[in-house]
Structure formats: C-alpha cells, structure tokens
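Chemist: Quick one: structure below, then a few questions.
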Amino acid sequence: MTETVKPGEVRAERMTPQKLGVRLFKQPPASFDPITADPRELLRYTLREQVLETYDFTAAVRTALREFNPDVLLCAGPGTSLRAPVGHVVLREGWRGLRDKAALFSSGVIATA
C-alpha cells in the first residue's frame, strides 16, 4: 500500500540534503546548499513559495552568475527555450565581458541538454 501525504502535511524527514545533491536558487536571491540546508526550510520553500509565488528567473540567473561563476550555463529543455532568456541576462550583466549576441554565440558559454 502506498502512503499518501495529506495537503499541508510536511515530511521533511524524507528530504535529506544528501538526497537532493544540488543547489537550489530562491527568492530573494540566495541558494540552498545540499550539505547545510535545513530540510524543513527547503521543503517549505519547495511546497509553498515555489508553488504560490512568482519566480524572478532573471534574479536567479544573475545570482548564479555572480555567486558561482560557472564555466558553462546548461539550459535544460524543453528544447532550447531557455537559451534566449539566459542569454539576455548574460548580456545585461556583461558576464565575462560578453556585451553582444555575436560574442555570446561564439563563446559557447550557454549549452542545452
């Protein structure tokens, strides 16, 4: 028999940071680290804020660029739908000196999965 969770019921004991294994970006711009994140706070954010509040995608990408300075920005699908929004943030930020589309396209800093 499959156990179900009632609406509003929190099962934080099942969500360990080690199971998650990735950083999650939240509003205001910040991130949850898989090692130090409080599972209850992460669960609350995942089930409430991410569902009920609007998400500032630009702020999340800007935070990733500034805090982690990644080698490549991987835009997971569907298709290439996130390349343009991410590219706009990269150009607006002037990340790695990129200021125009031609430089952005030739740099290879945005990849799709």
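Chemist: Regarding Leu65, is this residue surrounded by 14 or more Cβ atoms within 10 Å (Cβ to Cβ) and more than 15 Å from the chain's Cα centre (by Cα)? Steps first, please.
Modeler: Values: surrounded by 14 or more Cβ atoms within 10 Å (Cβ to Cβ): yes; more than 15 Å from the chain's Cα centre (by Cα): no.
No.
Chemist: Now for a different question. Would you confirm, using the coordinates I've provided, whether Ala111 is under 12 Å from the mean Cα position of the chain (by Cα) and under 27 Å from Asp33 (Cβ atoms)? Write out each step before concluding.
Modeler: Details: under 12 Å from the mean Cα position of the chain (by Cα): no; under 27 Å from Asp33 (Cβ atoms): yes.
No.
Chemist: Given the residues Arg96, Arg66, Arg48, Arg62, which is the only one that is farther than 24 Å from Asp33 by Cβ and of a type in the set (D, E, K, R)? Outline the logic, then answer.
Modeler: Values: Arg66 fails: farther than 24 Å from Asp33 by Cβ; Arg48 fails: farther than 24 Å from Asp33 by Cβ; Arg62 fails: farther than 24 Å from Asp33 by Cβ.
Result: Arg96 is the single residue among Arg96, Arg66, Arg48, Arg62 that is farther than 24 Å from Asp33 by Cβ and of a type in the set (D, E, K, R).
Residue-wise test of (1) out of contact with any helix residue (DSSP H, G or I) (no Cβ under 6 Å at 6 or more places or on another chain); (2) among the hydroxyl-bearing types (Ser, Thr, Tyr); (3) without any contact (Cβ under 8 Å) to a residue 12 or more places away in the chain.
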{"position": "Asp33", "(1), (2), (3)": "yes, no, no"}
{"position": "Thr36", "(1), (2), (3)": "yes, yes, no"}
{"position": "Arg40", "(1), (2), (3)": "no, no, no"}
{"position": "Tyr45", "(1), (2), (3)": "yes, yes, no"}
{"position": "Glu49", "(1), (2), (3)": "yes, no, no"}
{"position": "Glu53", "(1), (2), (3)": "yes, no, no"}
{"position": "Ala64", "(1), (2), (3)": "yes, no, no"}
{"position": "Pro70", "(1), (2), (3)": "yes, no, yes"}
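Chemist: I'm checking my understanding of the structure. Among residues of the stretch 28-49 that are of a type in the set (S, T, N, Q) and modelled with pLDDT of 75 or more, which one is surrounded by the fewest Cβ atoms within 10 Å (Cβ to Cβ)?
Modeler: Just the residues of the stretch 28-49 that are of a type in the set (S, T, N, Q), to begin with: 31, 36, 46.
With the extra rule that they be modelled with pLDDT of 75 or more, the set shrinks to 36, 46.
Working: Thr36: 7, Thr46: 15.
Looking at the filtered set, the residue picked out is Thr36.
Chemist: Residue by residue through the stretch 50-99, note down the ones that are of a type in the set (D, E, K, R), at pLDDT below 90 and touching a Ser or Thr at 6+ places or on another chain (Cβ under 8 Å).
Modeler: First pass over the stretch 50-99, keeping only residues of a type in the set (D, E, K, R): 53, 56, 62, 66-67, 71, 83, 92-93, 96, 99.
Remaining after also requiring at pLDDT below 90: 53, 56, 67.
If the condition is that a residue be of a type in the set (D, E, K, R), at pLDDT below 90 and touching a Ser or Thr at 6+ places or on another chain (Cβ under 8 Å), then Glu67 is the only one that fits.
The values are calculated or read from the model by the stated rules, or taken from the named source; none is laboratory data. All values reported here derive from a predicted model rather than from experimental measurement. Positions of Cβ are backbone-derived with ideal geometry, glycine not excepted, and every protein chain shown enters the neighbour counts.
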